[in-house]
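Enquirer: Handing you a structure now.
All of the numbers you see were taken from the coordinates with simple rules; none came from a lab. Only a predicted model underlies this, so the values are computations on that prediction, with no experimental measurement involved. A quick note on method: Cβ atoms are made from the backbone with ideal geometry, for glycine too, and the neighbour counts reach across all protein chains shown.
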Amino acid sequence: MSCKSCNLERKELSPDVTWKDITEGGTIADAGNAVLIKTGEWRSKRPVWLKDKCKQCLLCFPVCPDSSIPVNSEGNREDFDYDHCKGCGICVKVCPFKAIDFVDEG
Amino acid sequence: MAIRERMSGNEAVAFAMKQINPDVVAAFPITPSTEIPQYFSTYVSNGEVDTEFIAVESEHSAMSACIGAQAAGGRAMTATSANGLALMWECLYIAACSRLPIVMAVVNRTMSGPLNIHNDHSDSMGARDSGWIQLYSENNQEAYDNMLMAHRIAEHPSVMLPVMVCQDGFITSHAVENIELVEDDKVKAFVGEYNPVHYLLNRDNPISMGPLDHFTHTFEHKRQQAQAMMNAKNVILEVAREFEKLTGRKYGFFEEYRTEDAETVIVVLNSTAGTVKYVVDQMRKEGKKVGLIKPRVYRPFPVDEIASALSRFKAIAVMDKADSFNAAGGPLFTDVTSAMYAKSVFGPKVINYIYGLGGRDVRTDDIELVFNNLLKIVETGEVGSVYNYLGVRE
C-alpha cells in the first residue's frame, strides 16, 4: 500500500512511526485501510456463530457496522472476523433462529 | 514603479487579497474587520477576482469553510475580529494541526466583555497557542506587506501552517494613510500558485484528512507541528529578503528603532509602536537614550534574537495591550522575560505595563511616563513595581 505521488508507505500508520516519518496532520494516504486497525481488541462480549442452527438467511451481515460477517462467493456467511468485530451484538438481536450466541470475553 | 495610494488598513488588506486572488474567501462580518469582506465581495461582484465568496452564517462556519476549501486543494482566506475569532476557536486548532496554510486577516479588537468594539490585543493573544503563525502590523503598509508575504510563509513545504496577519482595529483598520502598493503582476509572481502535495480533490491519489488519532499518534503529530513552527523562522526571513528585493521594504522578526546607543527601550506591538517612535524622537532631542523594539513575528516567538537584542539595554518596559489575568503580567511580557531567562540574559531590569485595554487612548505623555520610569530605574537601580497598569483611572 503506497501513495502514487509520493513515498507515503504503510509504515506511516504503524504504532512505532516517529514524528519525523508520520504523515502531516494524520493524513491517510490511501483508501480502504480501516482493515489495518484491529478493533477486535475493544470487544467485551463475543458473538459465537452456531453453524448447526444457522439457516443462511443473511439477515445478520448487512446490519454489522464493522463488516465483520464475511459472505463467500456462494452467498453463504462464514465465521466472524474477530480482528474487527467490536462485539456490539446487533447480529445477535437480528437473528430469528437464535443461531448467534453472545458470551463474555475471557 | 510602485503605486502611490492612500487607503485604510482594511482596504489595504482587501486590496492585497484581490491581488492574491485566492480560490475561496469565506467570511462573516464583525466590527472592525467588516470592511475586508465588504470590499472583497465588491471585487467578486465586479469580476475582478476568480474567487468563490461564501457568505457564511457565523465565524465558526467561516473557518470551517476555509478548512474544507484548503483541504480540497484550494487557497482559502478570511478576516475577523474579537468574538468572531473566538467563535472560530476549535477550528483554529484543527486548521493548524491539519497543516492547512490558510491566511486570515485579524483586525484586533477587545474580547467581550464588557461589550466593546474597540482595539486591544486580547483576541489574537488568546489564540497565541493555537498553532497559527502570527504577524503584527504597525500601519496599513505593514498590514498590506504582511498579507503579501503570508502565503509564501504558510505554504512553504517545511512549514504548512496557517497565518494570521494582525492590525489594530480602527486605529489602523479605519485610518486612511499613504501606502505604496505593488503592481498586480509582481504580486502574482511573488505569491505564486498553491500546489499542495496532498489534497482531497486529487482523484489520482485519494486520501483521508483529520482521522481519529489517539495516544498512539497524536504526540508525534504535535511534535511535527512544533517543528513546522521552528522551521517557520528561517522561512519568514527568506521570504522577507525576497520581499525586500521586490519592494525595498525590509522586514525581520522585529524592528529596532534608534536602539544603537539606547539604555532603555519599550517593547510594543502594532500601532502603539508608531506613537513610541514619535516620543523616542522627541526625547532623543533632549539627549535621552531611548529606543523601541517592535516585534513583528510573535508566533513563532524569536527567543534567541529577542533575548540577544535586549541584552544590550539597562531597563526595558514590555507593553501589553492584553491582560493575561495571571496576576503576573501580560502575554508579551511573559514571553519576553522567559526568553531572556532561558538565554541567561539577567542584566536588564524588565517591567510590564498593561495599557490601552478596550481602546483606551494611548497618548504621547503616557509613553513619556514609561520612558521616564525606565530612566529612573537606570539611575537608581530600583525597579519598584514590575507589573503595572498604564492609563487606568486610579
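Enquirer: Given contacts defined as C-alpha pairs under 8 Å and at least six residues apart, what's the relative contact order of chain B, whole-number percent? Provide the component values of the computation, followed by the final result.
Expert: Numbers: 810 pairs, mean separation 61.3, N = 394.
Rounded, it is 16 percent for chain B.
Enquirer: With point charges of +1 on the Cβ of Lys and Arg and -1 on the Cβ of Asp and Glu, referenced to the Cα centre of the protein assembly as shown, which listed residue (A:Gly89, A:Thr23, B:His118) lies farthest in the positive direction of the dipole?
Expert: It is A:Gly89, whose Cα lies furthest towards the positive end.
Enquirer: Which cross-chain or sequence-distant (5 or more) residues have an amide H under 5 Å from the amide H of B:Met111, H modelled 1.01 Å from N in plane?
Expert: The answer is B:Ser122, B:Asp123.
Enquirer: Moving on to the next point. Going by average Cβ neighbours within 10 Å, how do the peptides B:208-214, B:157-163 rank, with the highest at the top?
Expert: Packing order, densest peptide first, comes out as B:157-163, B:208-214.
Enquirer: Scan chain A and report its longest stretch carrying no trypsin sites (Lys or Arg not before Pro) that are both in a DSSP loop and have at most 11 other Cβ atoms within 10 Å.
Expert: Numbers: sites that count: A:Lys4, A:Lys20, A:Lys38, A:Lys51, A:Lys55, A:Lys98.
Answer from the scan: A:56-97.
Enquirer: Below 12 Å, Cα to Cα, which aspartates and glutamates can B:Lys250 reach? Residues fewer than 8 away in the same chain don't count.
Expert: B:Glu142, B:Asp145, B:Glu238, B:Glu242
Enquirer: So for segment A:42-106, what percent of the C-alpha to C-alpha distances run longer than 16 Å?
Expert: The proportion of pairs with Cα distances above 16 Å equals 37 percent.
Enquirer: I've got another one for you. With N set to the number of residues, divide the alpha-carbon radius of gyration of segment B:258-394 by 2.2 N^0.38 Å and report two decimals.
Expert: On the way: Rg = 13.7 Å, N = 137, 2.2 N^0.38 = 14.3 Å.
The reported ratio for this selection is 0.96.
Enquirer: Also, I was wondering about something else. Work out the length of the dipole vector of segment B:115-250 about its Cα centre, built from +1 on the beta-carbon of each Lys and Arg and -1 on the beta-carbon of each Asp and Glu, and round it to the nearest 20 debye.
Expert: The calculated dipole for segment B:115-250 is roughly 460 debye.
Enquirer: Please compute one quarter of the surface area of the Cα convex hull for segment B:272-334 and express it in square nanometres.
Expert: That works out to 5.1 nm², a quarter of the Cα hull's surface.
Enquirer: Next up: Please report, to two decimal places, log10 I(q)/I(0) for chain B at q = 0.06, 0.10, 0.15 Å⁻¹ as given by the Debye formula with identical point scatterers on the Cα atoms and no solvent.
Expert: So the normalised log intensities work out to -0.23, -0.64, -1.39.
Enquirer: Filter the chymotrypsin sites (Phe, Trp or Tyr not before Pro) in segment B:295-394 to those in DSSP coil with at most 12 other Cβ atoms within 10 Å of their Cβ, and list the result.
Expert: Filter output for segment B:295-394: B:Phe325, B:Phe346.
Enquirer: Now for a separate question. From the phi angles alone, apply the Karplus equation (6.51, -1.76, 1.60; θ = phi - 60°) to segment B:113-118 and give each ³J(HN,Hα) in whole Hz, x where the residue is Gly or Pro.
Expert: Whole-Hz 3J(HN,Hα) from phi for segment B:113-118: x, x, 4, 6, 9, 8.
Enquirer: Another question, then. What is the ratio of the Cα radius of gyration of the protein assembly as shown to 2.2 N^0.38 Å, where N is its residue count, to two decimals?
Expert: It is 1.20.
Enquirer: So which aspartates and glutamates can B:Lys314 reach, going by Cα to Cα under 15 Å and dropping same-chain residues fewer than 8 places off?
Expert: The reachable aspartates and glutamates, counting only those whose Cα sits under 15 Å from B:Lys314, are B:Glu260, B:Asp261, B:Glu263, B:Glu379, B:Glu382.
Enquirer: Using amide H atoms built in the peptide plane, which far-off residues or other-chain residues are under 5 Å from B:Ala26 H to H?
Expert: When sequence neighbours closer than 5 places are left aside, the close amide H contacts are B:Ile54, B:Met77.
Enquirer: Please go through the residue pairs B:Lys294/B:Lys321; B:Lys222/B:Lys294; A:Lys45/A:Lys86 and name each one whose alpha carbons sit more than 20 Å apart in this structure. Working shown, then result.
Expert: On the way: B:Lys294/B:Lys321 13 Å; B:Lys222/B:Lys294 29 Å; A:Lys45/A:Lys86 8 Å.
Over 20 Å Cα-Cα: B:Lys222/B:Lys294.
Enquirer: OK, next. Among the GluC sites (Glu not before Pro) within segment B:198-266, which fall in a DSSP loop and have no more than 12 other Cβ atoms within 10 Å of their own Cβ?
Expert: B:Glu260
Enquirer: I'd like the mean, over residues of A:78-86, of how many other protein chain beta carbons sit within 10 Å of each residue's own Cβ.
Expert: Shielding by partners across A:78-86 averages 0.
Enquirer: Hey, another quick one. Once Rh for segment B:35-140 is found with the Kirkwood sum over Cα pairs, what is the Stokes-Einstein diffusion coefficient at 20 °C and 1.002 mPa s, in µm²/s?
Expert: Estimated via Stokes-Einstein, D reaches 148 µm²/s.
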